[in-house]
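The values are calculated or read from the model by the stated rules, or taken from the named source; none is laboratory data. Bear in mind the structure is a predicted one, so any value in this text is a computation, not a measurement. Methodologically, a virtual Cβ is constructed for each residue, glycine included, from the backbone with ideal geometry; neighbour enumeration extends over all protein chains shown.
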Amino acid sequence: MALVWSDTFSVGVAVIDEQHKELFARTNRLLEACQEGKGKEAVRETLAFLGEYVRTHFATEEKLMVQYGYPGFAAHRKLHEGFTEAFLGLQKEAERNVGVALVTQVNKTVVDWWVNHILKVDRELGAFLRTKMGA
């Protein structure tokens, strides 16, 4: 299942929305690499690239949370840590096997998580930040 950006996913904070759009694009590249039967190396490179971008994105969100005194910081950060741990599991799976099982795992772990996290948790963060930033 490809991730398709729509305004439904917008949190109303430009830097976060732009990073979310890029995360969707990079996740789609990973799914394409898996589905097109690209070699393990191509999938591992795509996973590593996505993993770096995820860390950058989480750092951006967490910096804004601290800067503006977001009361849900600890819980939100814990969700980020849980995703990071699950993502590391995907990277380990890619070392063993690139195929349908990995595509299924990426859909469950990455796609579902992004959709649910953005629509609930990040939208709440966005509403808070907009009041603080005057956006």
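Values for this structure:
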read-out: Any hit, the range 111-134, residues being modelled with pLDDT under 85, over 12 Å from the mean Cα position of the chain (by Cα) and over 30 Å from A42 (Cα atoms); value: yes
read-out: Residue match in the range 99-118 (condition: more than 22 Å from L3 (Cβ to Cβ), buried (at least 16 other Cβ atoms within 10 Å of the Cβ) and of a type in the set (S, T, Y)); value: no
read-out: Some residue of the range 82-94 being under 15 Å from the mean Cα position of the chain (by Cα), surrounded by fewer than 13 Cβ atoms within 10 Å (Cβ to Cβ), closer than 30 Å to M133 by Cα and at pLDDT 95 or above; value: no
read-out: Selection within the range 113-135 - of a type in the set (F, W, Y) and either without any contact (Cβ under 8 Å) to a residue 60 or more places away in the chain or within 14 Å of F24 (Cβ to Cβ) (or both); value: W113, W114
read-out: Residue count for the range 48-81, restricted to those that are among the acidic types (D, E) and more than 13 Å from the chain's Cα centre (by Cα); value: 1
read-out: Filter pass, D122 being in contact with a Ser or Thr (Cβ under 6 Å, 6 or more places away or on another chain), in a helix (DSSP H, G or I), of a type outside the set (A, V, I, L, M, F, W, C) and surrounded by 13 or more Cβ atoms within 10 Å (Cβ to Cβ); value: no
read-out: Filter result for A59 (free of Cβ contacts under 8 Å to residues at least 60 places away in the same chain and among the hydrophobic types (A, V, I, L, M, F, W, C)); value: yes
read-out: Among (1) modelled with pLDDT under 90; (2) of a type outside the set (F, W, Y); (3) within 23 Å of D17 (Cβ to Cβ); (4) surrounded by fewer than 18 Cβ atoms within 10 Å (Cβ to Cβ) - the single one K38 does not satisfy; value: (3)
read-out: Helices (runs of 4 or more DSSP H) wholly inside the range 1-109 containing at least 1 residues that are of a type in the set (D, E, K, R) and either within 18 Å of R123 (Cα to Cα) or touching a helix residue (DSSP H, G or I) at 6+ places or on another chain (Cβ under 7 Å) (or both); value: 14-35, 40-67, 73-96
